[in-house]
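Single-structure report; data block below.
The values are calculated or read from the model by the stated rules, or taken from the named source; none is laboratory data. None of the values given here were measured: they were computed from a predicted structure. Quick reminder, even Gly has a Cβ in these numbers, built from the backbone with ideal geometry, and neighbours come from all protein chains shown.
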Amino acid sequence: LLSCTVGATLGGIQEPSWNEVTTAILPEGWFGLPEAFRELGPSYRAARPQAMTTWIEHAELPVTTVQQPPQNTLMWPKIESIRTPTLLLTGDCDLYLPPARLRELAGHVRNAEVAIFSEAGHVPHWESYREFNATVLSFIGKHRR
């Protein structure tokens, strides 16, 4: 593996302190809120109503999900042992993984680079796709052999 990109995810980390913060920043009833509110940043929802409608239509498409138990227990020592250059991404309006949490995660990843997309929520690959693609391709380009 030459490089790894991890975007807008809590990553399955099983550290109690990490999960406590996740619980603390997501209010009671969080998962009852509209998915577009939880996933898309407010600027995107305000400025791009038609694109938001398209996102909602895509989000409502049927998805086949395969539930696979994790192979590893992801605790900080295991994450700190990763040597692969890793690009960690989030939107600066991501309510699940705001920039402060991404930087905390990056502090445990040995060869981490961080990219934070302005005014994007939890789906920067949708909201800021041009910048997202350029960022990922640049990172991959730096780490090819």
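Worth a mention:
- Within region 4-49, the residues that satisfy the criterion of being closer than 30 Å to residue 71 by Cβ, of a type outside the set (A, V, I, L, M, F, W, C) and not in a loop (DSSP other than H, G, I, E, B) are 5, 7, 16, 17, 19, 20, 22, 23, 35, 38, 39.
- Residue selected from region 57-71 under the condition in a loop (DSSP other than H, G, I, E, B) and either touching a residue at least 24 places away in the same chain (Cβ under 8 Å) or charged (D, E, K, R) (or both), by the criterion nearest to residue 14 (Cα to Cα): 70
- Failed criterion for residue 52 (all others in (1) closer than 28 Å to residue 16 by Cβ; (2) of a type in the set (A, V, I, L, M); (3) in a helix (DSSP H, G or I) hold): (1)
- Scanning region 78-126 for residues that are in contact (Cβ under 8 Å) with a residue 40 or more places away in the chain and of a type in the set (Ser, Thr, Tyr) returns 84, 86, 90, 96.
- For residue 46, the conditions (1) under 17 Å from residue 94 (Cα atoms); (2) in contact (Cβ under 8 Å) with a residue 24 or more places away in the chain all hold with the exception of (2).
- In region 1-14, residue farthest from residue 93 (Cα to Cα) [restricted to those that are modelled with pLDDT under 95 and of a type outside the set (A, V, I, L, M, F, W, C)]: 14
- Tallying residues that are of a type in the set (Ser, Thr, Tyr), more than 11 Å from the chain's Cα centre (by Cα) and farther than 23 Å from residue 134 by Cα within region 75-122 yields 1.
- Search result, residues across region 86-113 that are in a strand (DSSP E or B) and β-branched (Val, Ile, Thr): 86, 90
- Answer residue from region 22-59, given it is of a type in the set (Asp, Glu) and within 20 Å of the chain's Cα centre (by Cα) and is surrounded by the fewest Cβ atoms within 10 Å (Cβ to Cβ) among those: 35
- Within region 79-94, the set of residues being surrounded by 14 or more Cβ atoms within 10 Å (Cβ to Cβ) and closer than 20 Å to residue 15 by Cβ comprises 79, 82, 86, 88, 90, 94.
- The set of residues in region 1-21 that are surrounded by fewer than 10 Cβ atoms within 10 Å (Cβ to Cβ) and either in contact with a Leu (Cβ under 9 Å, 6 or more places away or on another chain) or within 25 Å of residue 59 (Cα to Cα) (or both) contains only 12.
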